[in-house]
Amino acid sequence: NAGSFACACKAGYSGNGVTCTDIDECTANTDNCSDDATCTNNAGSFACACKPGYSGNGVTCADIDECANNPCDANAACTNDAGTFTCACKPGYSGNGVTCTDIDECADNPCDANATCTNNAGTHTCACKPGYSGDGVTCTDVDECANNPCDANATCTNNAGTFTCACKPGYSGDGVTCTNDKACESPSDCESGVCTDGLCADARCGDQIVNADEACDDGNADEGDGCAPDCTIEAGWSCAADPSEASICTPLCGNGVLDAETETCDDTNLESGDGCSASCAIEDGWTCTGTPANCSPIVETFEDLDAGGGGGCAGGTTTLPIAASLLVLLRLLASRRRHAAR
């Protein structure tokens, strides 16, 4: 002014001009910074700066989408918030979101006891074991026998998670395939020697075939012909034949050879009355020696019972067959009685 002066504080300061004090616009809320900015007071001024997570000149600030730059782990989910973001590991992973590690869910046995647990990246699967059905978390035994997996001539037994096939009696195989034990292509395949319609005929005593459990088989159930009704060889007989033919039996007695176990003599015939009986036993009153047996009547030697002259004998000894000796003895006794009566 003319003849005077005036002092005025500059912008950002307050006072009478002679003394000026900085105005703190930030504290006085006279700044024009964005709500998402930080106000900094300076000498005679202030500055606005957008907060972290925002971009702009401080007067105007816009949220920054940090997730656009993939700040999280590949196995995490990024969530953008106002001025910030969060990372969270996806299900099946553990960590702070920036770093995530796969969780082995199978370690906690989440599946059924009859299932197999497979750990995968961030997850797992449950699968019922063979022989079971279900979703893996719950498994139920499958009754395989309901589908008839075995041979028609086998028995199927269902077990927990499995099954077994066993051929029925009379059949052989693994149960899935069973073959008749009597199956044959030719008679030589059969113990009985008879193959009919592809099956072996049963072996039996009396069928004229000598089977493994038979000593003979003459085609009948008669006794006394060498081969007994139970197809065993009778004592005193010998039976021989081709196993596929009827047995031919011959008596051992009468062959002229002494069988010490069953015979006491054998004179080459089966006649009785000649000292060696039809059963090759020495007959009473006979003696047999040699092979073949040579039999003769037994004779006895005795003193003349009437050596004094009354009995018709001249004294000495006489050798007679036993029957004749008895007759002579009876006659001598009768003669003595007659002499005594006189």
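A few comments on the model shown:
- The length gained on full extension between residue 238 and residue 215, counted as 0.36 nm times the residue separation minus their Cα-Cα distance, comes to 7.3 nm.
- Of 140, 27, 116, the residue with the greatest mean-square motion in the GNM of the chain, using alpha carbon springs below 10 Å, is 27.
- Degrees, to the nearest 10: 322-341 long Cα axis against longest axis of the chain: 40 degrees
- Here each label is just a point 7 Å from Cα along the line to Cβ, and for residue 199 and residue 108 those points are 6.3 nm apart.
- For the pair residue 298 and residue 82, label points projected 7 Å from Cα toward Cβ lie 14.6 nm apart.
- Our summary of shape: the Cα atoms of the chain have principal axis extents of 233, 52, 33 Å, ordered from largest down, in whole angstrom.
- HN-Hα J in Hz across region 181-187 - Karplus 6.51, -1.76, 1.60, θ = phi - 60°, x for Gly and Pro: 4, 9, 4, 8, 10, 8, x
- Straight-distance crosslink candidates among aspartates and glutamates, where the alpha carbon sits under 15 Å from residue 129 and sequence neighbours closer than 8 are dropped: 112, 141, 143, 144
- Shown in residue order for region 42-47 are the 3J(HN,Hα) couplings computed by the Karplus curve 6.51 cos²θ - 1.76 cosθ + 1.60 at θ = phi - 60°: 10, 5, x, 7, 8, 9 Hz (x for Gly and Pro).
- Excluding same-chain neighbours fewer than eight residues apart, the aspartates and glutamates reachable from residue 10 by a Cα-Cα span under 15 Å are 22, 24, 25.
- Listed values for region 272-281 are Karplus-derived 3J(HN,Hα) couplings in whole Hz (6.51 cos²θ - 1.76 cosθ + 1.60, θ = phi - 60°), namely 9, x, 10, x, 10, 6, 5, 9, 6, 10, and x replaces Gly and Pro.
- Debye intensity ratio I(q)/I(0), log10, region 106-163, q values 0.20, 0.28 Å⁻¹ (C-alpha model): -0.70, -1.03
Here, each number is a calculation from the coordinates, and none is a lab measurement. Given the structure is predicted, the values throughout are model-derived calculations rather than measurements. No Cβ is skipped: glycine too gets one built from the backbone with ideal geometry, and neighbour counts run over all protein chains shown.
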